[in-house]
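The values are calculated or read from the model by the stated rules, or taken from the named source; none is laboratory data. These figures come from a predicted structure and were not determined experimentally. All Cβ positions, even for glycine, are placed from backbone atoms using ideal geometry, and neighbour counts span all protein chains on display.
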Amino acid sequence: MRNQTETLSKPRFAGHLAAALLLVLSVGARAQMRKTGSALEAAEEAVSAARIRAHVKFISDDLLEGRYPGLRGGELAAKYVATQFALDGLKPAGDNGSYFQQVRFVGMTVQPAKTSMQFVPLHGAPIPLRFGDDYTVSNRTLTPEVSIDAPLVFVGYGVTAPEFGWDDYKGVDVKGKVIVCIVGDPPSNDPKFFGGKAMTYYGRWTYKFEQAARMGAVGALIIHRTDLASYGWDVVKNSNTSEQTSLADDPAPHLKAASWIQLDVARRLFTAAGLDFDQQFAAAGERGFHAVPLSVRLQGKVTSTVRRFESPNVVAMLPGASTQPDQAVLYTAHYDHLGFVPGMAGDNIYNGAADNGTGVGMLLEMAHAWSSSGIRLPHSILFAAVTAEEQGLLGSQYLGEHPPIPAGQITLDINYDMILPLGVPLEVDVNGAQRTNFYPTVEEVARQFDLTIVPDPRPEAGSYYRSDHFSLSRVGIPAFSIDAGTLYAGHDRAWGVEKFRQFEEHDYHNFSDNFHEDWDFAGNAKLVRFGMTLGWQALHRSSTIEWNRGDEFEAARLKSQR
């Protein structure tokens, strides 16, 4: 929701003058856009909701078996996208003159009967743990079997954040040990300190495993708590007891045991160590916290089935008129989903029509609209349908680390992920755009499209770090996703809220995320046009888009431009 607070103490005249100036500037900007953008308007008028519908219907068909990376359905989806790029006459931007950027993966599936973990206190009997109910574990070294027998160390939130003057690893050596940490960020009400109520990347479980490995730990146990994680234990269990996928060629250090434990399991652990869990939990959120060695060892064995496979990102380019260096715009959407359950009776396919058949359909229509427009753009446009998003943004991570042109020459990434076809939206969520110097343009373009910009509805969940734009941000590219709010033409807000609730509770990551004939793709087409206008503005800037000063991605941007 927009902030409704106003400064009432200012003279009314000043408010009227400011409004008048804003109107003049807005009219001037729109006039300039009409002057330079008539070709763009023609291209946008050609955007077809029917074509988006057709793409979504095919990409979510049972034929594609849920589009799991490295399996038949995923390959079919990739070939479909590449074929559409070729029909549009786009230049291949993948490996060896093809549309495919092949990514090598390793899938690890824990064998529960051959996997075990237990706490062994200095005094007292061992405490065995139940896989799935008490803990989950993944062997990130990508080997069939690994054993662990190491002391445990409580490192609070497991965060090293020099910009906030915070280091949970200060004064402790965790090499060869297993760390225990709390999910989420250190508590804060200050937006300038760990984002206040909004989660930063330091709060994400991915960061905690990465940092533990960088510090030399052999394992990490993240303590789950529903309110801090923004999801229940069932989500942890369901997400971490099936195949876990990693990049095969990732040079970063990895843990033998990347684990989650239930909150009550953590309480048992601290009791066995002779410590008060609630006291230690509270102390971890205070400045000056020091890591606490626990008089308990973790003993265990993790046995996994190893599957090595390849799955491609599908990448194409519409070349611009500029010579190097370029100032390209990148559009992304993930085409993978969760596959199917072999041998299951009834509907066993995760078709992923909304997630992310919609994003793929919009990406393909975007590519068609730009390529068929005949416009000679000043800079290039890149289109990337990425793989393995559902496995942890891995396809986009590889794309960011191996971009078709240098990351410093990509001025913006706009991502589309799960846009429910509910009709014409009156709101848009562009969370992350406000962190760049492009945001005033985003605001102006939103006004032109009669879209009210709404804030991230769940900042505490760290949603910015959960979609593919984040992978591009990590290498410095200004990036954000476009999503709709909950207010739609012809309906009140309660209608939109209820539609999203029904989808999240019944269809999200479920077998029922299927194509519906009564879906209305007019809004998807509108958001394609919105993204095209943003891209047009980015391509015609006199300089590249940058992160705001002090943003967490500013350093990566500066590095990419050297």
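Here residue 174 meets each of (1) surrounded by fewer than 17 Cβ atoms within 10 Å (Cβ to Cβ); (2) more than 28 Å from residue 234 (Cα to Cα) with one exception, condition (1).
If I ask for residues that are touching a residue at least 40 places away in the same chain (Cβ under 8 Å), surrounded by fewer than 16 Cβ atoms within 10 Å (Cβ to Cβ) and assigned to a strand (DSSP E or B), which ones from region 128-156 would you list? Passing the criteria: 145, 147, 149.
Against the definition (aliphatic (A, V, I, L, M), over 22 Å from the mean Cα position of the chain (by Cα), modelled with pLDDT of 95 or more and not in a strand (DSSP E or B)), how does residue 525 come out, yes or no? When the stated conditions are applied, residue 525 passes them. All of 521, 530, 480, 553 fail the test of being aromatic (Phe, Trp, Tyr), in contact with a His (Cβ under 8 Å, 6 or more places away or on another chain) and crowded, with 20+ Cβ neighbours inside 10 Å, apart from 480.
Scanning region 465-511 for residues that are among the small types (Gly, Ala, Ser) and either assigned to a helix (DSSP H, G or I) or under 30 Å from residue 401 (Cβ atoms) (or both) gives 467, 471, 473, 476, 479, 481, 494, 496. Residue pairs whose Cβ atoms lie under 9 Å apart, sitting 6 or more positions apart in sequence or on different chains, and linking a residue in region 208-234 that is within 19 Å of residue 263 (Cβ to Cβ) to a partner that is of a type in the set (Asp, Glu) and not in a helix (DSSP H, G or I), are 228/185; 233/133.
Within region 486-503, the set of residues being surrounded by 21 or more Cβ atoms within 10 Å (Cβ to Cβ) and of a type in the set (Gly, Ala, Ser) comprises 496 only. Looking only at residues in region 451-474 that are over 14 Å from the mean Cα position of the chain (by Cα) and modelled with pLDDT of 95 or more, the one that is surrounded by the fewest Cβ atoms within 10 Å (Cβ to Cβ) is 452.
Has region 224-235 got any residue that is under 19 Å from residue 131 (Cβ atoms), more than 21 Å from the chain's Cα centre (by Cα), crowded, with 18+ Cβ neighbours inside 10 Å and modelled with pLDDT of 95 or more? No, region 224-235 has no match at all. Within region 357-373, if we keep just the residues that are more than 17 Å from residue 67 (Cα to Cα) and among the hydroxyl-bearing types (Ser, Thr, Tyr), the residue that is surrounded by the most Cβ atoms within 10 Å (Cβ to Cβ) turns out to be 371. Just one residue in the set 257, 248, 212 is surrounded by fewer than 22 Cβ atoms within 10 Å (Cβ to Cβ), under 20 Å from residue 137 (Cα atoms) and aliphatic (A, V, I, L, M); that residue is 248. Applying the set (1) among the hydrophobic types (A, V, I, L, M, F, W, C); (2) within 23 Å of the chain's Cα centre (by Cα); (3) closer than 18 Å to residue 180 by Cα to residue 338 leaves exactly one unmet item: (3). Whenever a residue of region 85-102 is more than 27 Å from residue 47 (Cβ to Cβ), its partners that are part of a helix (DSSP H, G or I), lying with C-beta atoms within less than 7 angstrom and at least six residues away or across chains, give the pairs 102/95.
Of all residues in region 504-519, those being on the phi < 0 side of the Ramachandran plot, in contact (Cβ under 8 Å) with a residue 40 or more places away in the chain and not hydroxyl-bearing (Ser, Thr, Tyr) number 8. Within region 48-76, restricting attention to residues that are outside any helix (DSSP H, G or I) and among the charged types (D, E, K, R), the residue that is surrounded by the fewest Cβ atoms within 10 Å (Cβ to Cβ) is 61. With respect to residue 347, determine if the residue is part of a loop (DSSP other than H, G, I, E, B) and either in contact (Cβ under 8 Å) with a residue 12 or more places away in the chain or of a type in the set (A, V, I, L, M) (or both). In short, yes.
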